[in-house]
Each structure stands twice: as structure tokens, then as C-alpha cells.
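One structure is given below, encoded as C-alpha cells.
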């Protein structure tokens, strides 16, 4: 059964590739640049990642040798635009240590490992989770990998011809638009409540819109940070838990006690 499913996915991929050609989804001039981008883009807009990568290139440090030669402080300063620069610097250093230990700093040799073994090594490396590991497998190592993103992509990333000719894709695009609108509204309400809380004029939590069944909201760690923040008491009644099996979000309302 699993084999037939994989064959069907491969067939779909081949047909899409024949119609649309290579999409060059992940930018990068080298495998290491792709890997560095996959780490730096964690909790960051890609425009900020590009600035960090440009700094590394300008310093001739967009390579395992370049990263290893930098001190943690120097590396953090170069990647500052990507945010969480101290933590991300340690993650880049950790990947280079993996590369040294398992492949003698030969990236091609590391990426040539069997996919399952490589994924296990990546997941055991500080700062690399399932999404980053799968991105490295797919875009740097060129292995078939299904990346379970935490968010739903907006409809405009889907080819217009594909949406127009497929009822399910149209329905998905419409659902994503509804979710995005509800999420924007909730974020705006929380933002207004945050500003009011700082001014000491908020008495109760903001009324949040009820999201559609398909949704993208923070996982447990993000929720915990939100509740611990200055507006935690305002939004305590609402949070989401990420399903470990499917990587999607299940909305749950909790009591305020």
C-alpha cells in the first residue's frame, strides 16, 4: 500500500514538473548556502535571511571553513539581520561540527549518506528540527522528502492554472484565505489589547474570531511564550496545540482558571 502511494506521488510530481518545469523554490548558489539558509530562516522572514547570507558572503564565510574560522561573536554579528543571531550562530557551528565528525568536513560525502541515516544525524544536531532537516534533505541533498510546514501557504503560491482547473485546489485556496483573514483580525485585536495593556486601560481579554477548522496558529512553545508575556492574561482563554501526527493545528479552548 505504501509503495503504491509513493508511486502515485512520484507520478504527480513528474506530471507537474513536465508542465511547470523547475521552480527553483529554495535559492542558493551552493549546498552549504542552502543549509545555512534553512537554519537562518527559522522564525525569520526570508528578506532578513538574505541580508544575513549577504554578510556571510561579504566576509567570505559562506562555507564550513568560513563558519569554523569565525568566533561565536563574529558569526553572531554577521547573521544579526536574521534574528536570534546568538542561537543561530551556535546552530551553524553545530552543523559544521557534525560535518567534521561524520564526513571530515566533506559536505558532498555527508549529503551522499542514505536519506534515513542523514535525517537521523541532522535531527540529533543542535538546532535542527524536522522541518529544517527535511528542507536540507530535499533542497541540499536532492532527496525525496515531504516537508511538513507549520503554516499553510497563501493561495498566490499555487499556479493560477492549477487552481482554476481543480475544484479541490480552489476550495483549499478559499479556505486559506478565510483562515488568513481571521488570523489577521485576531492578531490585530491582540496587538490593540497589548497597546492598551501598556497604558493600563484593559479590563478583559479581547474577543477573538472563531477560526475555520483548517488553521495555522502557534504551537505549544509559542503559546507558552505568549501566555507568559505582558498580554498573557488577555489571551489565556485561547490557544492551539500542534498535532504531532499531522503537523496541523487543533484549536482548543481552555478555562481561565
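The values are calculated or read from the model by the stated rules, or taken from the named source; none is laboratory data. Fair warning: this is a prediction, and the values are worked out from it, not measured in the lab. Neighbour counts run over all protein chains shown; Cβ positions are idealised from the backbone, glycine included.
Inside the stretch 87-118, residues that are more than 25 Å from residue 72 (Cα to Cα), part of a helix (DSSP H, G or I) and either free of Cβ contacts under 8 Å to residues at least 24 places away in the same chain or not assigned by TED's automatic domain parsing to the domain that holds residue 136 (or both) make up a count of 3. Any residue in the stretch 7-30 that is out of contact with any helix residue (DSSP H, G or I) (no Cβ under 7 Å at 6 or more places or on another chain), at pLDDT below 90 and under 19 Å from residue 89 (Cβ atoms)? Scanning the stretch 7-30, I find no residue that is out of contact with any helix residue (DSSP H, G or I) (no Cβ under 7 Å at 6 or more places or on another chain), at pLDDT below 90 and under 19 Å from residue 89 (Cβ atoms), so the answer is no.
Against the test of being more than 27 Å from residue 146 (Cα to Cα) and crowded, with 16+ Cβ neighbours inside 10 Å, the options 56, 40 yield a single qualifying residue, 56.
Checking the condition at negative phi and over 23 Å from the mean Cα position of the chain (by Cα), which residue from 68, 94 passes? None of the other options fit; the residue is 68.
Residues in the stretch 42-82 that are at pLDDT 95 or above and part of a loop (DSSP other than H, G, I, E, B): 59, 60, 61, 62, 63, 70, 71, 79. When both residues are 6+ apart or on different chains and their Cβ atoms are under 8 Å apart, which pairs have a first residue that lies in the stretch 125-140 and is within 17 Å of residue 27 (Cα to Cα) and in the same structural domain as residue 26 (by TED's automatic domain parsing), and a second that is at pLDDT 95 or above and part of a loop (DSSP other than H, G, I, E, B)? Short answer, once both residue conditions are applied: 136/128.
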